[in-house]
Amino acid sequence: MKKLMALALCLLCLAGCSQRLAYNNLGWLASYYISDYVELTDEQEEKLKADVESLVAWHRESELPKYKSHIQSLLKHWQTMTESDMVHMVYTTRNYWYSVVEAVYPKLETHLNSLNREQREMLIANVEKEMLDDDWEEGDQFNRYERWLGDLSDKQKRLINEYYEQGEFARQVWRAHEQRRFSQFNQALFLSGTEQVSPELLQKAVVTTPTALPERILDIQARRIKEYASLAVKLKGTMSDKQKKHFKEELEELLELLESL
């Protein structure tokens, strides 16, 4: 369902010159991203452009300073961070995401209300198609870590594989949860009895705060976050000098990008 929040995702894609260009032109690019899901009228596109520009202005003023402060702190302290520090960092970054979702949600509801039945059916069909697509390939679990560390050692790959295998049950539970949210989103668009979407069902489908998640999901997330923190500390202890240099440079580049937005 995060793909439904395309505007929010665009705000969070912060890496490289092309992303800087996209961030600064999201108002113009918004209809291009949304066209993967639904065709908008000219009037709807103009409204979308204005709302996205408003969101970008809010995000630049309210959220980017938090990201910059976070990266600056990470640059200073990452080598001495404990598992407890890692857990705190994950929850902090998760809150960044939910801040964006909360800001986007009212505008999302307004735009969904503007869709006619044909547009809503197109949106549902495209979201469902995307949910059924499974692009995962063997070795994909290493990609995120290679981006930050460079080439991984055999020991590091074993640690990552252990973490990934521990999470199979959590992934199955999350996929079932995502399917329930999609069902609620579908119902919100079509079962309200009026042309307006059901705000109650839409709120459940989008989930604007982490505490709104089912208790079972929260428990599983907490366990996986602790396991991730343990992995991060173990990987930190195996990093070569070359990997430490690579990681520091990645953080510095990200900070430079944030400061340029």
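Read the figures in this text as sums done on the coordinates, not as results from a lab. What you see is a predicted model; the values in this text were computed from it and never measured. So basically every Cβ, Gly included, is an ideal-geometry build from the backbone, and we count neighbours across all protein chains shown.
If you fit an axis through the alpha-carbon atoms of helix 83-113 and take the longest principal axis of the Cα set of the chain, what angle between them do you get, 0 to 90°, nearest 10?
Between helix and principal axis, roughly 10 degrees.
As a test of the formula, what do you get for the chain when each DSSP H run with n ≥ 4 contributes -39,500 (n - 2.57) and the sum is divided by the residue count, at 222 nm and rounded to the nearest 500 deg cm²/dmol?
-25500 deg cm²/dmol
Using a 10 angstrom Cβ neighbour count of at most 14 plus a DSSP loop assignment to flag exposed GluC sites (Glu not before Pro), which longest range of the chain is free of such sites?
Working: sites that count: Glu39, Glu137, Glu138, Glu195.
In short, 40-136.
Given a 10 angstrom Cα cut-off, can you work out which residue in Asp133, Asp51, Asp36 is the most mobile in a GNM of the chain?
Asp133
Please rank Met86, Met131, Met81, fewest neighbouring Cβ atoms within 10 Å first, as an exposure proxy.
By the 10 Å Cβ count, ascending, the order reads Met131, Met81, Met86.
Residue by residue through region 52-60, which ³J(HN,Hα) values in whole Hz follow from phi under the Karplus form 6.51 cos²θ - 1.76 cosθ + 1.60 (θ = phi - 60°), with glycine and proline marked x?
Couplings: 5, 4, 5, 5, 5, 4, 4, 5, 5 Hz.
Taking Cα atoms, how many degrees apart are the long axis of helix 117-132 and the longest axis of the chain, rounded to 10 and kept between 0 and 90?
Approximately 20 degrees, to the nearest 10.
Give the calculated FRET efficiency between Thr194 and Glu259 to the nearest 0.05, with a Förster radius of 41 Å applied to their Cβ-Cβ distance.
That gives a FRET efficiency of 0.30.
With axes computed from alpha carbons, what is the tilt in degrees of helix 64-77 against the longest principal axis of the chain, rounded to the nearest 10 within 0 to 90?
Rounded to the nearest ten degrees, it is 10.
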